[in-house]
Amino acid sequence: MRLGVLDVGSNTVHLLVVDAHPGARPLPAHSHKVELRLAQLLDEAGAIGPEGIDKLIAVVHEALQAAEDKGVEELLPFATSAVREASNADYVLARVKDETGVELQVLTGAEEARLTFLAVRRWFGWSAGKLLVLDIGGGSLEIAYGIDEEPDAAASLPLGAGRLTAGWLPGDPATADDIRALRRHVRAQIARTVGEFSRFGAPDHVVATSKTFKQLARIAGAARSTEGLYAQRDLKRVALQSWVPKLAAMTTAQRAALPGVSEGRANQLLAGALVAEAAMDLFDVETLEICPWALREGVILRRLDHMGTA
């Protein structure tokens, strides 16, 4: 059957259409993406303002039309940290449902981490052993660890690249003092969770998902997207550490000119790099591998699992 997953994230609203059935890998058929940056549309009270809500409704309508055009039989709509943490989340969800008919399922941070972990496990298989999975989104950082399809430990921290850029790095380029303050904040947050994971022992394989990690790996020399889905892409801590001061000295426009960096994400790349560097350092990771599957694929796989047991 043809499934559509509608991901209302902190940076983008992304419709992914796949052809899928239980027991088979989902095959991408269409992708429709709009950069909305909900995480940056919150007001001082933490609410999504009228303009942001109207934009969200318009984008959901657009995604519904694209899903209909592509013959989607079932739509799996969900929202992550930007909606989850908005002070007027219930109102936003009600408006979206009333005006589009779409009932967004709001995932908790732990659910995000678990579903992303499921996708990574299915991609790498059982031979990968104990997995440590890192995912930097627009609003949050998800961390998960385990040997099965359900992680033994999962955490979600408010360390998304979009959120941190808006709250900590107003300059272009950012000032040294702002960067230092953000670095301290990020490392203190991550350090609190390390013990929760380290008690399970060292992972056999460390994996990262998300646009931020993909872009960091690309500027550090990983294979470009034209080399295909199955090209192995790694990010080494030593390479990332050499890039952080370079990114700090660049303007957004200069970062956008780097290989593999999209114009819409260029302003967030420094914050994302600081989070990635801190996570690799505090979890003592020398090299991680980039996984092309993440949360959206996890949502699809979970739905297919339920179909298979129905």
_I need the helices of the chain that pass two filters: whole DSSP H segments spanning 15 Å or more by Cα along the axis, and mean Kyte-Doolittle score no lower than 0.5._
269-282
*Taking only pairs that are 8 or more places apart or on different chains, how many Lys pairs in the chain have Cα atoms under 22 angstrom apart?*
14
*So, with a 1.4 angstrom probe, what is the percent of accessible area on region 1-117 that is carbon and sulfur?*
48
*Whole-percent carbon and sulfur share, accessible surface of region 177-310, 1.4 Å*: 50
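Working with all protein chains in place, sort Met1, Met250, Met280 by solvent-accessible area computed with a 1.4 Å probe, largest first. Kindly include the intermediate steps, with their values, before the conclusion.
On the way: Met1 75, Met250 35, Met280 0 Å².
Of Met1, Met250, Met280, the descending order of accessible area is Met1, Met250, Met280.
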*asked:* Taking every DSSP beta bridge with both residues inside the chain, roughly what % is antiparallel (nearest 5)?
replied: 65
*Is the shape of region 1-148 best called rounded, prolate or oblate, per the rule: a/c under 1.5 gives rounded, else a/b larger than b/c gives prolate, else oblate, with a ≥ b ≥ c the square roots of the Cα gyration tensor eigenvalues?*
oblate
*Accessible-area ranking of Glu286, Glu142, Glu196, Glu68, largest first, probe 1.4 Å*: Glu68, Glu286, Glu196, Glu142
*Which value in deg cm²/dmol, rounded to the nearest 500, describes the helix-derived mean residue ellipticity at 222 nm for the chain, given -39,500 (n - 2.57) per DSSP H run of n ≥ 4 and division by the residue count?*
-14000 deg cm²/dmol
*Sort out for me the Cα centre separation of region 83-160 from region 256-310, rounded to whole Å.*
11
*Accessible area, 1.4 Å probe, largest first: how do Arg121, Arg192, Arg302, Arg224 sort?*
Arg192, Arg224, Arg302, Arg121
*Over the chain, what is the mean sequence separation of C-alpha contacts under 8 Å (at least six apart), divided by residue count, expressed as relative contact order in percent?*
19
*Taking the structure as given and computing Cα extents along the principal axes in Å, which label from [x] 62, 45, 44; [y] 48, 47, 37; [z] 93, 71, 34 fits?*
[y]
*Sorted by mean Cβ packing within 10 Å, highest first, what order do the peptides 208-216, 74-82 take?*
208-216, 74-82
*How large is ³J(HN,Hα), in whole Hz, for each residue of region 72-85 in order, when computed from phi with the Karplus curve 6.51 cos²θ - 1.76 cosθ + 1.60 and θ = phi - 60°, using x for Gly and Pro?*
5, 8, 9, 10, 10, x, 8, 10, 10, 4, 4, 6, 4, 9
*Rounded accessible area per residue of the chain, 1.4 Å, Å²*: 43
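The values are calculated or read from the model by the stated rules, or taken from the named source; none is laboratory data. Since the structure is predicted, the reported quantities are computational estimates derived from the model, not experimental observations. Note that we place each Cβ from the backbone using ideal geometry, even for glycine, and neighbour counts take in every protein chain shown. Each accessible area value is taken on the protein alone, full model and side chains, heavy atoms only, with ligands, DNA and RNA left out. Shrake-Rupley method; radii C 1.70, N 1.55, O 1.52, S 1.80 Å.
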